[in-house]
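Read the structure below first, then the notes.
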Amino acid sequence: MAWLAPYNYWIFVFLMMIGLYTVVARGNLVKKVIGLNVFQASVILFYVSMGKINGGTAPILTGDPDTVYSNPLPHVLMLTAIVVGVATTALALALVVRINDAYGTVEEDEVQEMDRAS
Amino acid sequence: MNPLLANIVGHFPILQVVVPLVSAPLLSLLAFLRIRGLAWIVATLVSLITTVIAASLLASVWGGKVISYEVGGWAAPWGIEYRIDTLGALLLLIVASISTVTLVYGRSSVLQEIPEDRHPLFYTAWMLCVAGLLGMAVTGDAFNVFVFLEISSLSSYVLIAAGKRRESLTAAYRYLILGTIGATFFLIGVGLVYMMTGTLNIADMAEKIVAVRDTRAIKAAAAFLTVGLALKFALFPLHLWLPGAYTFAPSTVSAFLAATATKVSIYVLLRFDFIIFGQATPVAGLHFSQFLMPLSLAAIFAGSIAAVFQTNLKRLLAYSSVAQIGYIVLGISFANEDGLTGGIVHMFNHAATKGALFMAVGAMVYRLGSAELHDLRGLGRRMPLTAFSFFLGGISLIGVPFTAGFISKWYLISAALDDGNWPIAVLLLLSSLIAVIYIWRVIEVFYFTPPPDGAKTREAPAVMLAMVVLMAAATVYFGLDTRLSVGAANEAARILLSGGLL
Amino acid sequence: MTGIFLTDPITLSVAIPALGALLIALGSRSPNLRETMTLLTATALAVNVYALLPDVLAGGRPATAWFSILPGIEMAFRIEPLGMLFAAVASLLWIVNSVYSIGYMRGNREHKQTRFYVCFALAIAATMGIAFAGNLLTLFFFYEALTLVTYPLVTHKGNDEARKAGRVYLGILIGTSIGFQLLAILWVYASTGSGTFSDGGLIANSFTGAPVGLLLILFIYGIGKAAVMPVHRWLPAAMVAPTPVSALLHAVAVVKAGVFSVIKVAVYVFGLDLLAREASADWLFYAAAFTVIAASIVALRQDNLKRRLAYSTISQLSYVVLAVSIYNPIALAGAAIHIAAHAFGKITLFFAAGSIYTAGHKTEISQLDGIGKRMPITMIAFAIGSFSMIGLPLTAGFVSKWYMLSGAYAAQHYLAIAVIVVSTLLNAAYFLPVIHAAFFRKESAESAAHPHGEAPLPILLALVTTASLTVALFLYPDPAIALAKMLAGI
């Protein structure tokens, strides 16, 4: 079962696939955004688990030279990525609201139908 | 030099990004203060300043020099490094100057297409987009690239959604979904490289990657990065967002994005493929960029053929963009000096050409309210200068001598022949013939069909028209005087092929 | 010398018509002013070109370079004998054609006359660039420019038929030049690092065997303006244009630019020795011979006068290519002289066709019975032009054919002699009946019902001038022969 040992990466891949599948397969514009969120969350998990070192502690200086610290950099990067993700979600939802106002629906196929008709 | 001035000049690399970035909140403040008229003036001035900075940066790296700037005084590779070489500086100049020209051009168009109370916010998004694009070109830090990529992307979704018709909303939404997937793929790639090298500084990555050059993680990273960026620069078959976005965005935005946005993503790909992965062991003995060759050829033909069947001029140009991106990527995929020079010089020439074409179409939309070919009959008589500018841009797309497009094609075909790659040289020439067809369809409508009865149309306002003519003149000028474009492209190609270690 | 100096006669040759086009455009309000400008520019150009002649005849090779387009590739010009001959013919005929155009355009009340004169002047500027081009890329630049500026002339009428013809014209010329010629040029640059026309042949030492033949195919069919079958389709299509344009296309600029480029490429890129040595270059003779004969046979079957002339042009152009493909210096001299001889003869024929159309609105040969009595000057000029096409003595066509035949004889190329003889008979077969009908047949009742006289004076003036030039080139061929011999190195 050695291939299961880096289980954190398996979780990352699993979540990523769920997210991508939702984006591609769902016709509801809100659900697509949710799928996108899952996809982004998987990447955040990937970075966070990457920085974790076995037995490592929070990167606050203890004064003891033998302390093992986890790598804080990926975690900090993910703060930025989360901000980006929130902004993307907000913008996407705002667009969905506007689309709903303009078309009266948030179903992709119906929107496409109306675009084709005009 | 005055010491204060010298100090400011020393900080140009960061000012290049900070000036437009800071102007954005100031502009949105104008919305609350209800001083709407000022927004355009501020945006244009700021854009002009960034152009001056970009030009001065290009001048100071000319001849193969590299500027390295430590943000906040933290030394690389721990701090964020801004690193400008000839290629980056060329990109900066393209983005900043196109932004300035389209802003000056777009004043009347924006007044017409966007409700006045939204103007400050529109220009806020514009400056954020400019800051993002400039940042991507200037930074030497891989994660920083992601941040700037998202800044420019998010603001360009907003800009596209500002279009008048409701289709612009769906176009922006589609771009958002695909763009976010692309950016996230890019992020995964960066993460994998970081995992293997422990650094985010691009120059540092290039050195440390040598130790892990054969690993599967690096190959996976290259794949993720390439696909992610290919989504952003709309390489066939990942181009699905592009035609809608360029068709339904406000005219000014179409002109700006078509000329700049995709180019910057290609630039990022260049840096990763040549500077970082150039050091890694490629698959099957090929350089990583060489995998893009079949896709780029498919892009050239699919885009050109799709363009032949379009009846909306903006959509026609959008599909032509898909093809032109193919040319750029094809040049890169040769991975030799002529090919890279051709690809890079086409980034520059295509920016001028497509800018001119979209601006000309914007002027038509301004007067006629439509970009349908059917409504543009007899335009040669109704808007002679605009139509002629479109003609000049069109023949540059075809690659007729005396125009910028010819220079690019010359290098691309030379690269194919140098490679002994006959079929590609022939395919390139064939694709030019398809361009003849789609451009000539438009020219015939402009010049050889009578205008609809009673149609009284004047040229667009003087300033708008002047900018259209200026850009069209630029496409001819850069077909004759190639010192700037080919000079910089050739230098950039040599830097890239030497792994960026100059 | 690098840089664009207006004191330099080569630069002036391109600049005078280009600036003339600007002046003509500015004078669009007043037809008189506009036409004066046209004539003044044409005269200035001719004076400028002919001033260069003594120097070139004395062995001078003036050269200039404007600027570098790409590193190592310049916009460069160098006058050699062939270019001098071509420029001399074109600039002289532009004056005559301008006089004729004024009569024709006014006589037929054509629309958009300013666009016509502007494009015409630009076409001459491009022609001068082609004539004096010093390297392949410069030649290609002006070659493409010539296609683009003549497109509005071809589609001048603006109706559906003209648009369709314009598409064929542009499609074939741009298609072949980008598809084949550019590829050939790039190939030459890629393998020699240069495209400069050099005496003895640029690639003479770097190409052997099959690639020579392949490159020759790319060049011959890439130069669509030379109308070697099957890329001749644009020529008959372009017949929808007004007659002065047809004259420009057939005699002055476009087709001559084509065969001129063929000779130039054969002599200065390949080198005659290389072509004579390589068996892979032999196909050219058969392609040219086929075109000569086939086009003549098609011409026989045309009733429309302009179309018959068009196919005659295709056949005559391939004479030039045929003469080149004998790969013999004497025949080559014949090819060069034929450029001038055919120019004078064919422009006379087109002027006559336009004259008939302007005066009597007749376009078909079957309508021409007895027209010689109504339009004696026109039809005598037409006869002189026809004799030159056939190659009868006292006309220019005889001189060039003489050299071609001598060259073929010297090279012991008897097949070439046979082709020339057969095609001469065919030429006679499609021209002499027209002359016979015009002078010796009775007018039909319908024609008699619509009496008309000669065409307006400017048209007649132009006609008489070109007919005289056709004869003059027979009586005083020395400068042309001298230039041709310098080209061939004999």
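The values are calculated or read from the model by the stated rules, or taken from the named source; none is laboratory data. Here the structure is a predicted model, which is why all the values come from computation and not from measurement. Every residue, glycine among them, receives a Cβ derived from its backbone with ideal geometry; neighbour counts consider all protein chains shown. Areas reflect the complete protein model, heavy atoms only, side chains present, ligands, DNA and RNA absent. Shrake-Rupley method; radii C 1.70, N 1.55, O 1.52, S 1.80 Å.
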Roughly speaking, to the nearest percent, how much of chain A's 1.4 Å accessible area is carbon and sulfur?
69
Just how far, in whole angstrom, is segment C:341-384 from segment A:40-54 if you go by their alpha carbon centroids?
89
Estimated buried accessible area (total), pair B and C, 1.4 Å, Å² to nearest 100:
2700
Probe 1.4 Å, protein heavy atoms only: B and A together bury a total accessible area in Å², to the nearest 100, of 3000
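Quick one: compute the contact order of chain C, relative version, from alpha carbon pairs under 8 angstrom and 6+ residues apart, as a percent.
Working: 883 pairs, mean separation 75.9, N = 490.
Rounded, it is 15 percent for chain C.
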Calculate the mean, over all residues of peptide C:132-140, of how many other protein chain Cβ atoms lie within 10 angstrom of the residue's Cβ.
1
Mind pulling up the Rg/Rh value for segment B:358-408? Radius of gyration and Kirkwood radius, both on Cα.
1.04
Positions from segment B:99-146 whose accessible area shrinks by 50 Å² or more when the full protein complex is built, not the chain alone, probe 1.4 Å:
B:F143
Nonlocal amide H pairs with C:G489, under 5 Å, H built at 1.01 Å:
none
With a ≥ b ≥ c the root eigenvalues of the C-alpha gyration tensor of chain B, is it rounded (a/c under 1.5), prolate (a/b larger than b/c) or oblate?
oblate
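Using a 1.4 angstrom probe, figure out how much accessible area the protein assembly as shown has per residue, in square angstrom, rounded to the nearest whole.
Numbers: 38340 Å² over 1110 residues.
Per-residue value: 35 Å².
What part of the accessible area of chain B, given as a whole %, is carbon or sulfur when the probe is 1.4 angstrom? Could you put the intermediate results ahead of the total?
Values: 10430 of 15620 Å².
Carbon and sulfur atoms account for 67 percent of the accessible area of chain B.
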Computed log₁₀ I(q)/I(0) - Debye formula, equal Cα scatterers, no solvent, segment C:283-490, q 0.07, 0.12, 0.13, 0.15 Å⁻¹
-0.21, -0.59, -0.68, -0.87
Classify chain C as rounded, prolate or oblate, taking a ≥ b ≥ c as the square roots of the eigenvalues of its Cα gyration tensor: rounded when a/c is under 1.5, otherwise prolate if a/b is larger than b/c and oblate if not.
oblate
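Given the pairs C:K164/C:K264; C:K225/C:K306; C:K112/C:K164; B:K232/B:K263, which are separated by over 21 angstrom at their Cα positions? Provide the component values of the computation, followed by the final result.
Values: C:K164/C:K264 32 Å; C:K225/C:K306 18 Å; C:K112/C:K164 19 Å; B:K232/B:K263 10 Å.
Check vs 21 Å cut-off fails for C:K164/C:K264.
Given the DSSP H assignment, sum -39500 (n - 2.57) over each helix run of at least 4 residues in the protein assembly as shown and divide by its residue total; what's the result at 222 nm in deg cm²/dmol, nearest 500?
Values: 46 runs with 799 residues, N = 1110.
When only DSSP H runs of four or more count, the value is -24000 deg cm²/dmol.
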Given backbone amide H placed at 1.01 Å from N, residues whose amide H is under 5 Å from that of B:E372, ignoring those fewer than 5 places away on the same chain, are B:L313
Explain nothing, just compute: Karplus ³J(HN,Hα) = 6.51 cos²θ - 1.76 cosθ + 1.60, θ = phi - 60°, for every residue of segment C:179-189 in order, whole Hz, x for Gly and Pro.
x, 10, 5, 4, 4, 4, 4, 5, 5, 4, 4
Residues losing 40 Å² or more accessible surface upon assembly, segment B:157-175, compared with the chain by itself, 1.4 Å:
B:R166, B:E167, B:L169, B:T170, B:Y173
Rounded to the nearest 10 Å², the 1.4 Å probe accessible area of B:K65 is 110
If you roll a 1.4 Å probe over segment C:283-490 with all protein chains in place, what percent of the accessible area is carbon or sulfur?
69
Computed on Cα atoms, the radius of gyration and Dmax of segment C:427-490 in angstrom are 18.8, 59
Taking θ as phi - 60°, what are the ³J(HN,Hα) couplings along segment B:194-208 by the Karplus curve (6.51, -1.76, 1.60), each to the nearest whole Hz, with x for Gly and Pro?
4, 4, 7, 10, x, 9, 10, 6, 4, 5, 5, 4, 4, 6, 6
Applying the Karplus parametrisation 6.51 cos²θ - 1.76 cosθ + 1.60 with θ = phi - 60° to the phi angles of segment B:243-250, what ³J(HN,Hα) value in whole Hz is obtained for each residue in order, glycine and proline being reported as x?
x, x, 4, 6, 6, 9, 5, x
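Rounded to two decimals, what ratio of Rg to Rh does segment B:77-185 give with C-alpha atoms and a Kirkwood Rh?
Values: Rg = 15.4 Å, Rh = 15.1 Å.
Rg/Rh: 1.02.
Can you give me the relative contact order of chain A as a percent, contacts being Cα pairs under 8 Å and 6 or more apart? Write out the running numbers ahead of the final one.
Numbers: 110 pairs, mean separation 27.1, N = 118.
Relative contact order comes out at 23 percent.
Sorted by mean Cβ packing within 10 Å, highest first, what order do the peptides C:402-413, B:322-333 take?
Per-residue Cβ counts within 10 Å, averaged per peptide and sorted highest first, yield B:322-333, C:402-413.
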Cross-link partners of B:K219 among aspartates and glutamates (Cα-Cα below 16 Å; sequence separation of 8 or more within a chain):
B:D273
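For segment C:283-490, what relative contact order do you get, as a whole percent, if you take Cα pairs closer than 8 Å and at least 6 residues apart? Please list the in-between numbers first.
Numbers: 330 pairs, mean separation 63.9, N = 208.
Reported as a whole number, the value is 31 percent.
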Got a sec? Which residues in segment C:298-324 would a label at C:H452 touch, if it sits 7 Å along Cα→Cβ and we count backbone N under 20 Å?
C:303-310
Taking accessible area as the heavy-atom solvent-accessible surface of the protein chains with a 1.4 Å probe, which residues of segment B:431-463 lose no less than 20 Å² upon going from the isolated chain to the full protein assembly?
B:L433, B:V436, B:W440, B:E444, B:F448
With the Cα gyration tensor of segment B:291-502 in hand, give its eigenvalues times 5 under a square root as the equivalent ellipsoid semi-axes, listed largest first in whole angstrom.
33, 18, 12
Mean other chain Cβ within 10 Å across B:407-414 is 3
Check which residues have an amide H placed less than 5 Å from B:D481's amide H, if you skip close sequence neighbours.
none
What ranking, highest mean first, results for peptides C:457-466, C:306-315 when packing means the other Cβ atoms within 10 Å averaged over each residue?
C:306-315, C:457-466
PRE reach from B:E337 (point 7 Å along Cα→Cβ): which of segment B:399-419 fall under 19 Å by backbone N?
B:408-419
How would you order B:145-156, A:64-75, A:35-46, B:88-99 from highest to lowest mean count of nearby Cβ atoms within 10 Å?
B:88-99, B:145-156, A:35-46, A:64-75
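Roughly how crowded by other chains is peptide B:346-354, in terms of the mean Cβ count from those chains within 10 Å of each of its Cβ atoms? Display every interim value, and only then the final one.
Working: counts 0, 0, 0, 0, 0, 0, 0, 0, 0.
The shielding value for this peptide is 0.
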Can you say what percent of the DSSP beta bridges in the protein assembly as shown, counting only those with both residues inside, are antiparallel? Round to 5.
90
Among the Cα-Cα pairs of the protein assembly as shown, the proportion with separation greater than 51 Å, in percent, is 32
